[in-house]
There are 2 protein chains.
Amino acid sequence: MLRGRRAASVPQRADSRGLTGRVNLVVSFFRRRSSNVELPRVRARSRVGNQSVNRVSLGELTPEARSFLGRAAYVQLSIFTAVAHAVATAPHTRGKNALSRVAQLSLHKYEGLVAELIRLGHDPVSAMEPFESSTDRYQQIVLGKDWYECLVTSYVTAGLLDDFFVRLSGGLSDEENSRIFDLLSPDTASQFIVTELRSAIDANPRLASRLALWGRRLVGDTLLMARSALVVPEDTAPDETRLEPVFTDLIAAHTRRMDALGLTA
Amino acid sequence: MLRGRRAASVPQRADSRGLTGRVNLVVSFFRRRSSNVELPRVRARSRVGNQSVNRVSLGELTPEARSFLGRAAYVQLSIFTAVAHAVATAPHTRGKNALSRVAQLSLHKYEGLVAELIRLGHDPVSAMEPFESSTDRYQQIVLGKDWYECLVTSYVTAGLLDDFFVRLSGGLSDEENSRIFDLLSPDTASQFIVTELRSAIDANPRLASRLALWGRRLVGDTLLMARSALVVPEDTAPDETRLEPVFTDLIAAHTRRMDALGLTA
């Protein structure tokens with residue numbers, strides 16, 4: 001049942017626009033960060049999907065629950081502040097009202113993650129603190145300089161990061177995995193964002209190239225953030241190309257989100 | 001029952017620190033704005049408290065429900081964005097986590113007000129739009145320039161404005177009055193804000209005078225905002241001194257909030 005639901009959210013194939021090249025670029029970014037790793041957990045068997053044994057599945061790289069939840073919670077709080085910034089800077093009441101519901105859903109996810117930490121006996125604040133400075137730096141980079149960039153950020157980064165943490169939770173206990181799936185799967189990005197951006201792009205086609213570029217920058221920075229959450233042992237670092245399928249799926253879902261805006265990923 | 005609950009939240013007496021002078025100052029501010037009024041509603045009898053017949057009770061100055069709810073909702077959204085700004089700029093994870101719950105409660109109030117508009121058959125966005133520019137101007141003025149001022153703003157303005165709209169709802173139908181009371185009465189300002197500010201002021205006594213000044217500015221600007229929500233007929237404008245008791249109660253509650261911080265109101 002859970003597997004079925006999760007499988008439904010996992011893209012079955014990559015798109016056809018030179019994804020492999022982009023994944024390699026992302027993987028090469030990752031390589032530069034490989035000194036910043038945590039201790040691995042040995043897993044007899046992955047619970048995530050039916051990846052080939054030659055590939056690394058995301059669940060094998062999952063940190064222990066406290067670290068997973070602390071990071072996921074702080075990242076969700078960061079997504080919330082980005083959406084709240086979009087509420088504050090919206091040029092019309094319609095936009096403020098629509099985005100307030102996106103902010104509400106993001107806060108709900110944050111509170112759910114904090115509740116999980118408490119349920120497991122951890123102090124939420126100290127579990128989140130190790131991830132504050134890196135997430136804040138990321139947040140400053142991706143905030144966006146106008147209303148449209150803020151909307152793309154709310155849509156793209158929340159989509160990518162929720163996707164990522166749902167997949168990564170495959171390495172937690174089945175019960176925890178199920179809770180995280182239920183909590184993070186609902187799409188934070190409202191239909192409002194897609195409609196608003198499409199109509200703005202239709203009215204001003206030059207916006208399309210600027211926002212497509214912005215989306216590309218976001219995916220790079222966001223996947224680097226995601227990569228830093230993986231527990232990759234330095235001494236036995238997997239061939240980075242074996243990480244590709246993990247990120248190929250995330251990027252394929254991202255590509256569909258950009259398609260919905262009429263933008264090239 | 002409702003009356004009992006409301007009465008419990010209404011201060012019974014003013015404080016002893018020259019309040020009358022300050023109320024007169026506020027009332028004189030109001031007089032300068034008296035050209036900007038709405039049409040009055042004639043009410044046979046006030047539902048709010050047991051004011052003397054020589055005094056104007058807030059319920060007699062209540063706009064019709066759509067206007068009341070549209071303004072209260074937009075103001076609540078504005079309170080939310082101020083709290084979310086404090087979440088974003090908090091200097092520590094502890095502060096972000098605590099204020100996220102304040103933001104959540106403010107969003108809950110906003111959504112409740114929007115739900116009331118929908119229940120009465122009104123489009124929430126068009127009901128809020130008339131209040132956008134004046135509220136946004138107010139919001140810019142009261143945002144605060146550092147973490148401590150942001151905290152005082154979240155605490156003082158949310159307290160004053162929720163108080164005000166609960167009292168003003170006395171002029172709506174009993175059912176509406178009861179719903180608004182239940183929705184807006186819970187104090188948005190968390191104990192966290194009081195504890196955080198008290199410990200900062202203890203550690204740096206010079207902060208006290210700056211934040212006391214900031215609180216005074218906030219109360220002036222916020223009561224002017226509140227005054228603009230009243231339906232005061234220009235041709236039969238009540239002697240402004242008759243409005244005093246209305247604002248005396250609000251200011252007394254504000255004074256208790258500042259007392260809780262150890263600051264002079």
From the list A:VAL102, A:VAL87, which one is hydrophobic (A, V, I, L, M, F, W, C), more than 7 Å from chain B (Cβ to nearest Cβ) and open to solvent by less than 20 Å² (accessible area, probe 1.4 Å)?
A:VAL102
Return only the number of the condition from (1) farther than 12 Å from B:TYR74 by Cα; (2) buried (at least 17 other Cβ atoms within 10 Å of the Cβ); (3) among the polar types (S, T, N, Q); (4) out of contact with any Asp or Glu (no Cβ under 7 Å at 6 or more places or on another chain) that B:GLN140 does not satisfy.
(2)
For the range A:57-78, check the following and say yes or no: at least one residue is surrounded by fewer than 24 Cβ atoms within 10 Å (Cβ to Cβ), farther than 25 Å from A:HIS108 by Cβ and modelled with pLDDT under 75.
no
Among the residues of the range A:176-205, how many are farther than 20 Å from A:ALA90 by Cβ and free of Cβ contacts under 8 Å to residues at least 12 places away in the same chain?
2
Just the residues that are more than 7 Å from chain B (Cβ to nearest Cβ) and of a type in the set (S, T, N, Q), please, taken from the range A:75-84.
A:GLN76, A:SER78
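Out of the residues in the range A:105-114 that are open to solvent by 10 Å² or more (accessible area, probe 1.4 Å) and more than 9 Å from every other protein chain (Cβ to nearest Cβ), state the one that is farthest from B:VAL125 (Cα to Cα). Reasoning before the result, please.
First, the residues of the range A:105-114 that are open to solvent by 10 Å² or more (accessible area, probe 1.4 Å): A:105, A:108, A:111-112, A:114.
Filter again for more than 9 Å from every other protein chain (Cβ to nearest Cβ), leaving A:105, A:112.
Numbers: A:LEU105: 20, A:GLY112: 30 Å.
Here the residue is A:GLY112.
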Go through the range B:105-125 and give me each residue that's in contact (Cβ under 8 Å) with a residue 40 or more places away in the chain and within 15 Å of B:PHE68 (Cβ to Cβ).
B:LYS109, B:GLY112, B:LEU113, B:VAL114, B:GLU116, B:LEU117, B:LEU120, B:HIS122, B:PRO124
Please work out which one of (1) within 16 Å of A:SER228 (Cα to Cα); (2) of a type outside the set (D, E, K, R); (3) more than 13 Å from chain B (Cβ to nearest Cβ) is the condition A:LEU151 fails and give its number.
(1)
Mind checking whether some residue in the range B:140-151 is over 26 Å from B:VAL232 (Cα atoms), in contact with a helix residue (DSSP H, G or I) (Cβ under 7 Å, 6 or more places away or on another chain) and free of Cβ contacts under 8 Å to residues at least 24 places away in the same chain?
no
Those residues of the range B:90-99 that are open to solvent by 10 Å² or more (accessible area, probe 1.4 Å) and facing another protein chain (nearest Cβ under 7 Å) come to a total of 3
How about the range B:100-126: which of its residues are under 19 Å from the mean Cα position of the chain (by Cα) and either at pLDDT below 95 or not acidic (Asp, Glu) (or both)?
B:VAL102, B:ALA103, B:GLN104, B:LEU105, B:SER106, B:LEU107, B:HIS108, B:LYS109, B:TYR110, B:GLY112, B:LEU113, B:VAL114
Applying the selection to the range B:115-134, what residues are open to solvent by 10 Å² or more (accessible area, probe 1.4 Å), aliphatic (A, V, I, L, M) and within 8 Å of chain A (Cβ to nearest Cβ)?
B:VAL125
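The values are calculated or read from the model by the stated rules, or taken from the named source; none is laboratory data. Keep in mind that this is a model prediction, so the values were computed, not measured. Quick reminder, even Gly has a Cβ in these numbers, built from the backbone with ideal geometry, and neighbours come from all protein chains shown. Quick note on the areas: whole protein, heavy atoms, side chains included, nothing else; ligands and nucleic acids left out. Shrake-Rupley method; radii C 1.70, N 1.55, O 1.52, S 1.80 Å.
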